[in-house]
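The values are calculated or read from the model by the stated rules, or taken from the named source; none is laboratory data. Predicted model only: the values in this text are computed from it and were never measured. A quick note on method: Cβ atoms are made from the backbone with ideal geometry, for glycine too, and the neighbour counts reach across all protein chains shown. Ligands, DNA and RNA are stripped out before the accessible areas are found, and what is left, the full protein with its side chains, is counted by its heavy atoms. Shrake-Rupley method; radii C 1.70, N 1.55, O 1.52, S 1.80 Å.
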There are 2 protein chains.
Amino acid sequence: MMYELYYWPTVQGRGEFVRLALEEAGARYRDVARESGRGGGVPALMRYLDGRARRSGRRERPPFAPPFLQAGRLVIGQTANILQFLGPRHGLAPKDEGARLWAHQLQLTIADFLVEIHDTHHPISGNLYFEEQRKEARRRAADFLQHRVPKYLGYFERLLSSNPRSARHLLGAQLTYVDLSMFQIVAGLNYAFPRAMSKSARKYRRLLALHASVQERPRIAAYLASPRRIPFNNQGIFRHYPELDAAR
Amino acid sequence: MMYELYYWPTVQGRGEFVRLALEEAGARYRDVARESGRGGGVPALMRYLDGRARRSGRRERPPFAPPFLQAGRLVIGQTANILQFLGPRHGLAPKDEGARLWAHQLQLTIADFLVEIHDTHHPISGNLYFEEQRKEARRRAADFLQHRVPKYLGYFERLLSSNPRSARHLLGAQLTYVDLSMFQIVAGLNYAFPRAMSKSARKYRRLLALHASVQERPRIAAYLASPRRIPFNNQGIFRHYPELDAAR
């Protein structure tokens, strides 16, 4: 099947968690909003959000926001939902129900963390520029680095240390989409908060090792070196503002 | 099966979305942290978070945070994940895969909205009192009422108006857990922002009708009238601070 991924074309954002799964799976997909010409670009994405998109005469279920994935007759929105759909189809999720629910639970916890990461630079409103909420951002980021990063990363580090089947995977013995997402979280935090991450590196050895091992997987390495990987930048979720990166 | 729900005992919070589904299903469950005596109370909950909980000699998968549900051998965390587990087992979710993914997608969108609702009174940190972030809260709440409420509620109102099978249900022809959650969102917004909600009532007629029809369902009405329903209060997600409830 040829998947169609819809996400904003200039940032990694939430779309990146889906891209990493598609790339590791070796799946065929179009990154539609990044294509130019007819049927591509942001207008193609907006048609879904506006409720104008149709296939075979049928109106599609309108997602609230990107990313969303067209997979045959289905349009699937919400990052974690897309991943729980793709995972079992591409060997990136465990087979039994309990383990699948556990994988999804971890992915939703990563999603919660991601909101908090985003809100370090936008604590008041996504409609305002960073410069318009800078003072609040400094306060929120300080609390985030002091309390929230240790809570989330500490949790995931403990999962790695207590996984009886692998120290390189958050669950089970094999790579899942959750590991790919955790790679992205670590990569993003290293970009946004290099000083804070460097200072706490010893506390998160297993997470950093997971990051390194995912990065070296052949398909992921090829993807990261390709133009398909959008570089981190200060329009995305992970942004590097030195003033928010306290040296703790 | 006797379910065990674990959630903080003095607030509705995220646990309420699970309670509403269990109540409408007529399921047997213990609300463990609200019980006194051996095996109940907050200590019983903390054992899971600390990774000390065991069943049949096996260590349980530790959730990051409540709510979580013990269902036989499974411990399931993350509200939306619990609901996607319970839904098909109790006639509160559609049967086919596409519709189930759609229901879960809407539930995750509700979860996103809920974070934004919470952050109106805690834009800087959950570790600080409201009074310590009051100025920021006023700014965030104003943006929330002006931009975010219309975006989210407008989206769900449109779903109701375009659902060909029912104007009282967000998807399909029958009640799902998504409708129960939307009832809770409307109830909570009415509690937290009575002036703003009253002013915009005409824009959300279908959502208010959904709220009224859920409220009148016999099992939900009995639940709401019982001591099992914790009243809204200013320790929960939905809090009523008149200064945040601008008259728009």
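Let me know the charge dipole size of the protein assembly as shown about its Cα centre in debye, to the nearest 20, where only the beta-carbon of Lys, Arg (+1) and Asp, Glu (-1) is charged.
Value, rounded to 20: 580 debye.
Which residues' amide hydrogens lie under 5 Å from the amide hydrogen of residue B:68, considering only partners 5 or more residues apart or on another chain, with H built in the peptide plane?
B:6
At most 12 other Cβ atoms within 10 Å and a DSSP loop assignment: could you name the trypsin sites (Lys or Arg not before Pro) in region A:156-205 that fit? Before the final figure, lay out each step's value.
On the way: sites: A:158, A:165, A:168, A:195, A:199, A:202, A:203, A:205; in loops: A:165, A:168.
Those satisfying the criteria are A:165.
Using a 1.4 Å probe on the protein heavy atoms, what percent of the accessible area of region B:124-222 belongs to carbon and sulfur?
47
Every other copy gets compared here: list the nm distances from the residue B:2 label point (7 Å along Cα to Cβ) to its counterparts, shortest first, one decimal.
5.7
Under unit Cβ charges (Lys, Arg +1; Asp, Glu -1), what dipole magnitude, rounded to 20 debye, does chain B have relative to its Cα centre?
300
If you take every DSSP beta bridge whose two residues both sit in the protein assembly as shown, what share of them, in percent to the nearest 5, is antiparallel? Working shown, then result.
On the way: 18 of 25 bridges.
Looking only at bridges with both residues in the protein assembly as shown, the antiparallel portion is about 70 percent.
Whole-Hz Karplus ³J(HN,Hα) for region B:70-77, in order, using 6.51 cos²θ - 1.76 cosθ + 1.60 and θ = phi - 60°, x for Gly and Pro?
So the Karplus estimates, Gly and Pro as x, are 8, 10, x, 7, 9, 10, 10, x Hz.
Just to be sure I understand: if you take the accessible area of chain A alone plus chain B alone and subtract the pair, with a 1.4 Å probe, what total do you get in Å², rounded to 100?
3900
For a quick check: with amide H placed at 1.01 Å from N, whose amide H comes under 5 Å from residue A:29's, ignoring anything fewer than 5 positions away on the same chain?
Amide H neighbours of residue A:29: A:3.
For region B:84-188, which chymotrypsin sites (Phe, Trp or Tyr not before Pro) are in a loop by DSSP, counting at most 12 other Cβ atoms within 10 Å?
Answer by residue number: B:129.
How much net charge surrounds residue B:93 when only other residues with a Cβ under 13 Å from its Cβ are counted (Lys, Arg +1; Asp, Glu -1)?
-1
Give the average, rounded to an integer, of partner chain Cβ atoms located within 10 angstrom of each Cβ in B:71-84. Provide the component values of the computation, followed by the final result.
On the way: counts 2, 1, 1, 5, 4, 5, 7, 10, 1, 7, 11, 2, 0, 4.
Neighbouring Cβ atoms belonging to other protein chains average 4 per residue here.
What is the average number of partner chain Cβ atoms found within 10 Å of a Cβ in A:94-107?
Values: counts 0, 0, 0, 2, 8, 2, 0, 11, 7, 1, 8, 11, 6, 2.
Other-chain Cβ atoms within 10 Å of each residue's Cβ, averaged: 4.
Taking residue B:201 in one copy and the same position in all the others, each labelled 7 Å out along Cα→Cβ, what are the pairwise distances from the first, in nm, shortest first?
So the distances to the same position in the other copies read 6.1 nm.
Return the long-range amide H neighbours of residue A:92 (sequence gap of 5 or more, or a different chain), with a cut-off of under 5 Å between placed amide H atoms.
none
Anything over 21 Å Cα to Cα? Flag those among A:135/B:135; A:95/A:203; A:151/A:203, in the order listed.
Flagged as over cut-off: A:95/A:203.
What does the charge count near residue A:29 come to, summing +1 for each Lys or Arg and -1 for each Asp or Glu among other residues with Cβ under 15 Å from its Cβ?
+2
Can you work out the accessible area per residue across region B:6-149, with the rest of the protein chains kept in place, probe 1.4 Å, in square angstrom?
So region B:6-149 comes to 40 Å² accessible per residue, rounded to a whole number.
Would you kindly derive the ³J(HN,Hα) couplings of region A:133-147 from the backbone phi angles with the Karplus curve 6.51 cos²θ - 1.76 cosθ + 1.60 (θ = phi - 60°), listing them in order in whole Hz, with x for Gly and Pro?
Running phi through 6.51 cos²θ - 1.76 cosθ + 1.60 with θ = phi - 60° gives 9, 5, 5, 5, 5, 4, 5, 5, 5, 4, 5, 4, 5, 6, 10 Hz.
Write down the percent of antiparallel bridges among all DSSP beta bridges whose residues are both part of region B:1-77, to the nearest 5.
Bridges in region B:1-77 are about 75 percent antiparallel.
Taking loop as defined by DSSP and a crowding limit of 14 other beta carbons within 10 Å, which GluC sites (Glu not before Pro) in region A:12-74 fit? The partial results should precede the final answer.
Working: sites: A:16, A:23, A:24, A:35, A:60; in loops: A:35, A:60.
Answer by residue number: A:35.
Taking the label point as lying 7 angstrom from Cα along the Cα-to-Cβ axis, what are the distances from residue A:173 to the corresponding position in the remaining copies, in ascending order and in nanometres?
For residue A:173, the inter-copy label distances come out at 4.8 nm.
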